[in-house]
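Right, one structure below, let's go through it.
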Amino acid sequence: MQIALPASGEPSTVADLAQKINAQEEFLFRIARTLSVFDILQESDSPSSDLPSYSHTSYSRFLTLPPAEASTRHLFDNMLQAQANSASGYYLKHGFKNPEDAKNSPFSFANGTDDKGIFDILEEQPERMKLFNSAMAIQATIGLKDVLLAYPFDKLEANKDGVVMVDVGGGKGQFINELRSVYPNLQGLMALEDMDVVLQGGTVVPDEVIKQPYDFFKEQQPIKGTSHTLPGLPITLCANSRQLPITS
C-alpha cells in the first residue's frame, strides 16, 4: 500500500488504493485506519466516498526506502515468526528461564534446529541472510552522528601497526563511513570486522579500510590494542585509546 500512494503527497481514496494493489476495500480500509492512528499515514475526508482518503507522511515515505523496508521485513519474517513459533514449546522444553545457550535459543527452536545459532541458520538460507544484512544497514545509521559527536574520537591514537579503530560486527561499514565524515582528520587505519558471509555480501567502505573476516563467537580478536565499547552500539575496538574516556 505504501508504494501505491502517490509520492507527491496527494491523497488517494480507499477504492483507488484497493484497485492498485488488488485488495478488498474493507480489508484495506481497516489496515489504513490503523496506520493513521499511529501517524504513519495521513487520513482525510474524501469528497467522492463515504470512506476517507489516505496520503503519505514523512514517516511512511521513510518506510518505503529499501533499508527501512528490509528492516520491517526482517522484524516480521525472521524475528516475529520465530518468537511466535517458540513462545510456548521452547520454554516447556528448556524451562521458564532466560535462554543461556545461543546455539539453542528460541530462534533455533522456531527453526527446528539444535546446536545452531541465528547466524548459522541464516548462513544456510542466503535470502534470509541478505535480508538481515540489509536490515542492519538502517539500524547502524539512525542517530549515529549524534553518538559520534558525544565521544572524543579525535583523541584516538593508532596502535603499533597503525590501526586506530576497529568496528567489530560492523556490517557493511556505515559506522566507519560516518566516523570518517565527522572526524576527517583522524589519523590511522580503520578496520571493519564481521563474518565472512557478511563482508562477501558487499560493503560501503573505501578500499583503504581493512576488511577482516571475524566471528567473535569462535575466534580471538586478530587486531590487538586497548578495547573500549560504546553503549548501545556494535562492539568498537579503539586500537590504542588511553585518552578515550569510555569504559571497556
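Below are the figures for this structure:
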{"read-out": "Region 162-186 residues that are basic (Lys, Arg), paired with ones that are modelled with pLDDT under 90 (beta carbon under 6 Å, 6 or more apart)", "value": "Lys172/Ala137; Lys172/Thr203; Lys172/Val204"}
{"read-out": "Subset of region 142-159 (residues that are of a type outside the set (Phe, Trp, Tyr), touching a residue at least 40 places away in the same chain (Cβ under 8 Å) and outside any helix (DSSP H, G or I))", "value": "Pro152, Leu156, Glu157, Ala158, Asn159"}
{"read-out": "Which numbered condition Met165 misses (of (1) of a type outside the set (Lys, Arg); (2) part of a loop (DSSP other than H, G, I, E, B); (3) in contact with a Cys (Cβ under 7 Å, 6 or more places away or on another chain))", "value": "(2)"}
{"read-out": "Residues within region 115-129 that are assigned to a helix (DSSP H, G or I), loosely packed, with under 15 Cβ neighbours inside 10 Å and not acidic (Asp, Glu), tallied", "value": "1"}
{"read-out": "First in region 18-40 and among the β-branched types (Val, Ile, Thr), second anywhere and in a helix (DSSP H, G or I) and surrounded by 12 or more Cβ atoms within 10 Å (Cβ to Cβ), Cβ under 9 Å, 6 or more apart", "value": "Ile21/Leu28; Ile40/Tyr59; Ile40/Ser60; Ile40/Leu63"}
{"read-out": "Count of residues meeting criterion [assigned to a loop (DSSP other than H, G, I, E, B) and over 13 Å from Val209 (Cβ atoms)] in region 172-190", "value": "4"}
{"read-out": "Search result, residues across region 29-55 that are within 14 Å of Ile3 (Cα to Cα) and in a helix (DSSP H, G or I)", "value": "Ala32"}
{"read-out": "Those residues of region 92-125 which are aliphatic (A, V, I, L, M) and more than 22 Å from Asp196 (Cα to Cα), in sequence order", "value": "Leu92, Ala110"}
{"read-out": "Odd one out for Ala135, checked against (1) among the small types (Gly, Ala, Ser); (2) closer than 23 Å to Pro66 by Cα; (3) without any contact (Cβ under 8 Å) to a residue 40 or more places away in the chain", "value": "(3)"}
{"read-out": "Unique match (being more than 20 Å from the chain's Cα centre (by Cα) and loosely packed, with under 14 Cβ neighbours inside 10 Å) among Gln200, Gln212, Gln187", "value": "Gln187"}
{"read-out": "Restricting region 151-184 to residues that are surrounded by 21 or more Cβ atoms within 10 Å (Cβ to Cβ) and either among the charged types (D, E, K, R) or not assigned by TED's automatic domain parsing to the domain that holds Gln220 (or both), the residue that is modelled with the lowest pLDDT", "value": "Lys172"}
{"read-out": "Cross-chain or 6+ apart pairs with Cβ under 7 Å, region 109-129 first and outside the structural domain of Gly201 (by TED's automatic domain parsing), then charged (D, E, K, R)", "value": "Asp115/Lys103; Lys116/Lys103; Gly117/Lys103; Leu122/Arg128; Met129/Glu123"}
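The values are calculated or read from the model by the stated rules, or taken from the named source; none is laboratory data. Keep in mind that this is a model prediction, so the values were computed, not measured. Glycine gets a Cβ as well: all are built from the backbone with ideal geometry, and neighbour counts include every protein chain shown.
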